[in-house]
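Enquirer: Just passing along the structure, written as structure tokens.
What follows draws every value from the coordinates through simple rules; no lab data is involved. Note that the structure is predicted; figures quoted are calculated from it, not measured. Neighbour counts are summed over all protein chains in view; Cβ atoms, including those assigned to glycine, are modelled from backbone coordinates with ideal geometry.
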Amino acid sequence: MKQWEDFWHQTSMVSSFGLSGQQYGYPKAIEEFWCAKAATYDDGDTLLDLACGRGALALLLADNAQQSHKPLDIHATDAVAIDMTSVAAEYEAYKRITWNLGCDIANLAYAQGSFNRLVSQFGVEYATLNKPLLDSLIGLLAPAGSADFIIHSASSAISADSIQGIKAIERVFHSGIFLKVYQELTSSGARQSLAEEVQNLFNNLAKDSLMKSWLDDICASFLRIIDAPAERTIVLLDRLATNLEQTVTRLQQQLSVAHSVEKLEALLQPYSGVVEYTIERVVVDGSEFGLHLHLGKKP
Ligand SMILES: C[S@@+](CC[C@H](N)C(=O)[O-])C[C@H]1O[C@@H](n2cnc3c(N)ncnc32)[C@H](O)[C@@H]1O
């Protein structure tokens with residue numbers, strides 16, 4: 001869990017997706033997906049957002065419930081005891097949610113049948129989606145309750161981009177650029193020519209342009225370091241290297257938890273007497289975004 005602790009410590013974003021300019025950090029189509037789901041909820045439903053992170057989905061649903069005058073009892077849980085100071089200050093809905101942070105999904109202490117609705121946005125798959133976990137999640141659902149999870153998909157545009165991100169970062173580490181920038185800045189300090197050299201080096205690395213946006217971002221970080229006061233060079237280079245290493249670990253984990261329709265079907269087959277399920281591809285801007293797993297518990 002160290003990786004997620006570091007992630008939430010280093011960002012004040014409300015969602016791990018972190019789309020700038022969006023209130024909850026999600027693409028508009030994903031907000032609409034969840035609002036359409038919420039329209040099917042009943043007054044007084046008890047709802048749990050699993051692996052909620054800094055709470056983007058719970059906040060979105062709490063705001064939606066208020067706007068549509070539909071009282072919901074919303075709970076949210078995550079394995080990391082995330083600092084919620086910024087959320088409490090910026091999102092009025094914060095206080096309408098019961099938070100249970102620092103608790104692994106595998107050890108939730110809610111009574112059986114506590115919730116009518118379970119939701120998760122790129123969350124539940126980070127715990128091992130195995131029989132004990134599915135038994136306990138389905139057990140949390142009240143009869144006739146439902147669960148909606150958007151899960152990372154191995155064939156999504158997000159997974160394809162993650163593969164490019166890992167390759168881009170590996171190229172940067174292998175290019176020797178860290179050493180070069182370190183040596184130049186701590187000796188001669190000829191910043192203008194170094195900035196041009198770095199720019200050229202990145203242009204060469206980005207020849208097959210699929211990973212270009214990743215490389216552009218990393219190049220911009222190097223250029224900021226070149227511009228910064230000399231006494232900060234070492235600390236900033238060190239921070240960038242750590243940040244890139246952590247990004248590779250996060251992307252690798254995201255790829256490893258991604259599912260396929262077949263894999264989810266195999267997991268759910270044994271539960272066909274207890275739940276009805278559907279698995280659909282979620283498409284955003286014409287590209288696959290993830291898989292929507294819907295479970296409906298039989299009455
Ligand atoms: C990709 S983030 C998604 C967070 C949030 N749902 C969102 O939309 O921003 C995955 C989250 O899963 C949490 N997580 C990972 N393993 C977990 C586990 N075993 N139990 C509970 N939460 C877990 C992480 O701490 C992280 O906040």
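Enquirer: Once fully extended, how much extra length lies between residue 28 and residue 173, figured as 0.36 nm per residue of separation less the alpha-carbon to alpha-carbon distance? It would help to have the intermediate numbers written out before the result.
Expert: Numbers: separation 145, 0.36 × 145 = 52.20 nm, distance 3.49 nm.
Taking 0.36 nm per residue and subtracting the Cα distance, the gain is 48.7 nm.
Enquirer: For residue 83 and residue 239, what does the FRET efficiency come to when R0 = 30 Å and r is the distance between their Cβ atoms, rounded to the nearest 0.05?
Expert: Details: r = 20 Å, r/R0 = 0.65.
In this case the efficiency is close to 0.95.
Enquirer: Taking 27 Å as the cut-off for C-alpha to C-alpha distance, list the pairs among 2/28; 37/298; 2/167; 180/212; 28/167; 2/37 that go past it.
Expert: Violating the 27 Å Cα-Cα cut-off are 2/28; 28/167; 2/37.
Enquirer: Still on this model: Go through segment 106-156 and name the chymotrypsin sites (Phe, Trp or Tyr not before Pro) that are in a DSSP coil and have 16 or fewer other Cβ atoms within 10 Å of their Cβ. Mind showing how you got there, number by number?
Expert: Numbers: sites: 110, 115, 122, 126, 149; in loops: 110, 122.
Those that pass, being in a loop and sparsely packed, are 110.
Enquirer: Also, quick follow-up: Treat each spin label as a single point 7 Å out from the Cα along the C-beta direction, and report the residue 249 to residue 98 distance in nm.
Expert: It works out to 3.4 nm between the two label points.
Enquirer: Give me the log10 of I(q) over I(0) for segment 157-254 at q = 0.10 Å⁻¹, as the Debye formula computes it from C-alpha points; what are the numbers?
Expert: -0.26
Enquirer: Pop the C-beta distance of residue 213 and residue 5 into the FRET formula with R0 = 30 Å and round what comes out to the nearest 0.05.
Expert: Details: r = 27 Å, r/R0 = 0.91.
That pair, residue 213 with residue 5, gives E of 0.65.
Enquirer: Could you state the per residue volume, in Å³, of the convex hull enclosing the Cα atoms of the chain?
Expert: Values: hull volume 41.4 nm³, N = 299.
Output value, Cα hull per residue: 138 Å³.
Enquirer: Given +1 on the Cβ of Lys and Arg, -1 on the Cβ of Asp and Glu, and no further charges, what dipole in debye does the chain carry about its Cα centre, rounded to the nearest 20? Walk me through the intermediate numbers first.
Expert: Values: 23 positive and 36 negative charges, 49 e Å.
It comes to approximately 240 debye.
Enquirer: Please find the FRET efficiency linking residue 256 to residue 43, where r is the Cβ-Cβ separation and R0 is fixed at 30 Å, and quote it to the nearest 0.05. Before the final figure, lay out each step's value.
Expert: Working: r = 40 Å, r/R0 = 1.34.
E between residue 256 and residue 43, to the nearest 0.05, is 0.15.
Enquirer: Which angle between 0 and 90 degrees, to the nearest 10, do you get for helix 191-205 versus the longest principal axis of the chain when only C-alpha atoms count?
Expert: Its long axis makes an angle of about 50 degrees.
Enquirer: Along Cα→Cβ, 7 Å out, is where each label goes; now give me the distance between the ones at residue 285 and residue 110 in nm to one decimal.
Expert: It is 3.3 nm.
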